[in-house]
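Peer 1: Please read through the structure below; I'll follow up with questions.
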Amino acid sequence: MANILQVTTPNLNTDNRNTPNPMDPRYSGEHSAVRNPVDPTRVVRADGRDGEQTGNTGQKDVFGAINYESNYSAFIKGLGENQDLAGALERLLFTDASIFQASGNTEISALVDQFLMSLRMDSPEDLFSFLQGQQELQARFSGDFFNKLRSLLAQNASESFRDAALAFLKGYNNYASGSHLLQQMRSLTGDIEQLMLRSFREEFRELAQAMNWEAANGDTAANTGVLNGRLIPFLSDYVSRTHDYGAVRDATMLLIFNAVRYQNGEASRLMQLFDRLMDDRSFAGLFQGEEQASLEHLLQTGADAAAAQKPVMAEFADNLANLLLRGANGQAGLEHVQQFYTIMNGMLMNESVYMPLLHFMIPFQYEDNNVVSEMWVDPDARRGSDDEGRKIKLFLKFDIQSVGKFELVMTLQDRESQMQLFVPPHLAKQDKKIQTDVAQILKKNGIRMGQCSVHGRVRDRKVTEVFPEIREKETTINVRI
């Protein structure tokens, strides 16, 4: 008969009367012999417990299925774990390429060679154009218009104006991302078609073909009608009828997310958000009665910049994406899969919505030198007072084959720089010459060198170490389960 009343046998050992009975339910939760089932997907200690248990361990034991780590804390943790992105990409491009060729993997070797061809710079002008293209891809909100908007927001703007400005920036981001969102949805519809049952594929394909995948930014009405009126309802009905709550539903939810952003990027809606900004007198005074022309100029400038950078940067991005996709699928050999995943995770982590910095990945070949550089930039770093000029802070890592690894931490304010340069140990004794050469380079570009210290590099510096303000958001309440 089951022991419903939890009756236990008295402990007959009178010398240990204060020892808890292991059968007593009052103590079984704390008994060291009691363990939850071992999770085979996690690395645990020999006794089955998590080796990083800290704080209120009793709460973690009772509520072991709940993760009280905030989203931002998880982002910081991931940022620290993916700090060797440049090293992984350097090994892939300039070390493992010969291994792929020796193994007879012609497809991967061809992709590596094609990617390296897009990285070869024949002149300083080519290198400058490549770097500028990277910058334009990252700094979407650049130019005179956004500089004026930043200045107004920094001057104790009203809460209503801040809300209007943020709404406009969000709308402009959706507008400028129209072509990208269309391509994302086009790829998703192709994946969904392959995942769904064969009897539904032809009808779904006809719906997807009704989309204009080459529509201009802001011209969203026709595609939005197809998405909301036919494509998404068809997928909703498909999931309901087939009970496919796996990959098809996940891809459908991602399609809906992109469709919402695409719809919110309609040109007429952006005009309405701009009119809302014009209700503020300070903002309206910036354009001196030419509000409509200013907005049209902004949109045209963005379109021209995107068209100018598309051929070069699209080739770079497409080649890298194709290479990483093939490698992650194991086509470069199972022993290299983790390396490809490390690069993909590192790039996605630095593009996270929580990342407050601009991130640049810049591999290139110039004068027979293979260089992989990675840079983080804070375009609006903290200033000592509001009277000081704009302050820019950057952290640059670059690795030159046959020379070594370098790190540069620099702040630029009022065209004066303060920098710390960490060089390979064998170059540390040439600090005076390096300082002189750096000062001349800055002078040619109209920048004064306020301070320049050269040290031997002995370890890798983390992004959170150079930009400690990133960790401040960890104090916010952002719990996930």
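Here is a yes/no grid of residues against (1) under 26 Å from R448 (Cα atoms); (2) within 27 Å of the chain's Cα centre (by Cα); (3) in a strand (DSSP E or B); (4) not aromatic (F, W, Y):
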site	(1), (2), (3), (4)
V353	no, yes, no, yes
V372	no, yes, yes, yes
V377	yes, yes, yes, yes
K393	yes, yes, yes, yes
F398	yes, yes, yes, no
Q418	yes, no, yes, yes
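Peer 1: Moving on. I want to confirm something. Restricting to the range 212-234 and keeping residues that are touching a Gly at 6+ places or on another chain (Cβ under 9 Å) and not acidic (D, E), which single residue is surrounded by the most Cβ atoms within 10 Å (Cβ to Cβ)?
Peer 2: T220
Peer 1: Quick one: in the range 301-330, which of the residues that are at pLDDT 70 or above and surrounded by fewer than 16 Cβ atoms within 10 Å (Cβ to Cβ) is nearest to I362 (Cα to Cα)?
Peer 2: Looking at residues that are at pLDDT 70 or above and surrounded by fewer than 16 Cβ atoms within 10 Å (Cβ to Cβ), I get A317.
Peer 1: Working only within the range 96-142, note down all residues that are assigned to a helix (DSSP H, G or I), modelled with pLDDT under 75 and hydroxyl-bearing (S, T, Y).
Peer 2: Once the filter is applied, which keeps residues that are assigned to a helix (DSSP H, G or I), modelled with pLDDT under 75 and hydroxyl-bearing (S, T, Y), the range 96-142 yields S98, T106.
Peer 1: Inspect all residues belonging to the range 191-208 and state whether any of them is among the polar types (S, T, N, Q), touching a helix residue (DSSP H, G or I) at 6+ places or on another chain (Cβ under 9 Å) and buried (at least 16 other Cβ atoms within 10 Å of the Cβ).
Peer 2: no
Peer 1: Still on this structure, please answer the following. Every residue in the range 215-262 that is charged (D, E, K, R), within 18 Å of N174 (Cβ to Cβ) and part of a loop (DSSP other than H, G, I, E, B), please.
Peer 2: Correct list: D219 only.
The values are calculated or read from the model by the stated rules, or taken from the named source; none is laboratory data. Treat the numbers as computed from the prediction; the structure is a model and nothing was measured. Glycine gets a Cβ as well: all are built from the backbone with ideal geometry, and neighbour counts include every protein chain shown.
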